[in-house]
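What follows is a short report on a single structure.
The values are calculated or read from the model by the stated rules, or taken from the named source; none is laboratory data. Small disclaimer: the values here were computed from a predicted structure and weren't measured. FYI the Cβ positions are ideal-geometry reconstructions off the backbone, even for glycines, and counts take in every protein chain you see.
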Amino acid sequence: MTTTTTDITPALTAEEEALLPSDDDVAFYAEHGWYLSKKLFTDAEVDELVAASDRYYAGERDRRLPVRPPKLAYWEPDRGDVQRHNDYVHHEHDALSRILRKPLLGAVAARLARADEIRVFQSTLIYKPPISGEPSNIVPWHFDKHYWASSSSENMLTAFIPFHDCGEEMGTITMVDGSHRWREIGADDTVVRHFADRDRSQLEVMLAENAAHNGAEIRKIPMVIPKGHVSFHHCRTYHGSGANVSGRPRRAVSLHLQDGDNGWREYPLSDGTLAAYNHDVLVRRTADGRPDYADPEFCPVIWRAGARQGG
C-alpha cells in the first residue's frame with residue numbers, strides 16, 4: 001500500500017468543513033466519551049462499502065498479511081453463521097481502504113482527540129447475523145484500551161461505521177456514558193485478553209465494580225446511527241452491543257484510530273511477558289528496535305494538521 005502526504009490529506013471542501021465537530025461537540029466528547037457525527041459518507045460511498053465487503057467475503061483480496069498474528073480476528077466461511085470479525089481489511093482490500101481512509105473522517109477524529117495527526121490503528125469488518133439467540137451476537141462491556149496496553153497514547157479512539165441505518169433492534173453499539181473518565185480498580189492484567197476470550201459475567205461485574213468505585217451511575221446510551229453517520233468513542237469508554245433482532249444483518253466497520261503521538265511502549269504483565277498487539281509481528285522496527293506503530297504499510301496516516309489549508 002503506497003501512500004503520500006498529498007494523497008492522504010487533501011484540503012477539505014467548504015461543505016466538508018461544515019461537517020466537523022463544533023467546539024461544543026468537542027467539549028461533549030471530552031465529558032461523555034462518545035460523539036455521533038453528522039453525515040460523513042455519501043449514500044454512494046456506503047453502498048460501495050457494502051459491495052466491497054461482499055467481494056471481500058467472496059474471497060477478493062488485493063494483498064494478504066505476510067504472517068498471521070497470534071490474536072487475529074479472521075472469520076472464514078467454515079465458521080458458519082456467527083458474528084464475523086475480520087481485521088486488517090484496510091490493508092487487504094483497496095476498495096474498502098479507499099473509503100475508510102476518507103480525510104474528512106480523520107479530520108473529525110483529530111478534532112475530537114485534539115491531535116495534529118490521525119493514523120489507522122486497526123480496521124475490523126463486522127457482520128452480525130439476524131439471529132437473536134446466537135451467542136456471538138452479544139458483545140459484553142469492555143473498553144478498547146485494555147487490548148492496546150502496548151500503545152502509549154490515552155487519546156486513541158474508534159469510529160464505528162455502519163453500512164445502513166443502525167438502531168437498537170439491530171444490536172447497535174451502546175456506550176456507558178462518561179465511563180472514560182472513571183478511575184479503574186480491580187482489573188488484573190487478564191483484561192488485555194479480548195472480550196471473546198473472557199467470561200461475560202466477569203466483565204459485567206468489572207463494569208459494576210468500577211462504576212461503584214467512581215460513585216457513578218451506569219448510563220447506557222444506544223447509538224442510533226443514520227446511514228452515512230459515524231459513532232466515535234474514546235479508547236477508555238465502556239461499550240458493548242446486544243442481539244440483532246431486526247431480521248437483517250448488521251454490517252459495519254470498527255475503524256480504530258491512533259493519534260500521531262502514539263507509539264509502542266513496554267507494558268509488563270504479571271507472568272513476566274510484555275503486552276503485545278498483532279501489529280508487533282507485522283510492522284517495521286524503529287531505529288531502537290521497537291515495533292513502529294507509524295508504519296505506513298499497516299498504520300497509514302489519514303489526517304495531518306494543516307491539510308485543510310492544502311496539506
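Taken together, the residues in the stretch 254-309 that are over 23 Å from the mean Cα position of the chain (by Cα) and within 19 Å of N86 (Cα to Cα) amount to 0. Of all residues in the stretch 252-281, how many are out of contact with any Cys (no Cβ under 9 Å at 6 or more places or on another chain) and farther than 22 Å from E154 by Cβ? Number of matching residues: 5. Mind checking whether some residue in the stretch 105-114 is over 13 Å from the mean Cα position of the chain (by Cα), under 21 Å from S53 (Cα atoms) and assigned to a helix (DSSP H, G or I)? No: the stretch 105-114 contains no residue that is over 13 Å from the mean Cα position of the chain (by Cα), under 21 Å from S53 (Cα atoms) and assigned to a helix (DSSP H, G or I). Number of residues in the stretch 292-305 that are touching a Phe, Trp or Tyr at 6+ places or on another chain (Cβ under 9 Å) and crowded, with 20+ Cβ neighbours inside 10 Å equals 3. For the stretch 242-300, taking the residues that are free of Cβ contacts under 8 Å to residues at least 60 places away in the same chain and in contact with a Pro (Cβ under 9 Å, 6 or more places away or on another chain), the one that is nearest to Q122 (Cα to Cα) is identified as V283.
The criterion of being crowded, with 17+ Cβ neighbours inside 10 Å and among the small types (G, A, S) does not hold for S270. Taking the criterion of being in a helix (DSSP H, G or I), modelled with pLDDT of 75 or more and surrounded by fewer than 18 Cβ atoms within 10 Å (Cβ to Cβ), the residues of the stretch 159-202 that qualify are E168, E169, R181. Being surrounded by fewer than 17 Cβ atoms within 10 Å (Cβ to Cβ) and in contact with a Phe, Trp or Tyr (Cβ under 6 Å, 6 or more places away or on another chain) is the requirement here; does N210 meet it? Criteria not met by N210.
For the stretch 242-276, name all the residues that are of a type in the set (S, T, N, Q) and within 17 Å of F160 (Cα to Cα). Residues satisfying the conditions are N244, S254, Q258. For first residues located in the stretch 32-55 and assigned to a helix (DSSP H, G or I), partners that are hydroxyl-bearing (S, T, Y) and lie 6+ apart or on another chain with Cβ distances below 8 Å form the pairs S53/Y127. Selection of the stretch 11-24 for residues being in contact (Cβ under 8 Å) with a residue 12 or more places away in the chain and either assigned to a helix (DSSP H, G or I) or at positive phi (or both) yields E16, E17. Residues that are within 24 Å of E168 (Cα to Cα), modelled with pLDDT of 95 or more and assigned to a strand (DSSP E or B) within the stretch 115-139 comprise S123, T124, L125, I126, Y127, K128, listed in sequence order.
The residues of the stretch 245-273 that are at pLDDT 95 or above and not in a loop (DSSP other than H, G, I, E, B), listed by number, are R250, R251, A252, V253, S254, L255, H256, L257, Q258, D259, W264. Of the residues that sit in the stretch 242-264 and are out of contact with any strand residue (DSSP E or B) (no Cβ under 7 Å at 6 or more places or on another chain) and within 30 Å of R285 (Cα to Cα), which one is surrounded by the fewest Cβ atoms within 10 Å (Cβ to Cβ)? Result: D261. If I filter the stretch 76-85 for residues that are surrounded by fewer than 21 Cβ atoms within 10 Å (Cβ to Cβ), of a type in the set (V, I, T), in contact with a helix residue (DSSP H, G or I) (Cβ under 9 Å, 6 or more places away or on another chain) and within 26 Å of T237 (Cα to Cα), do I get at least one hit? Yes, the stretch 76-85 has at least one match.
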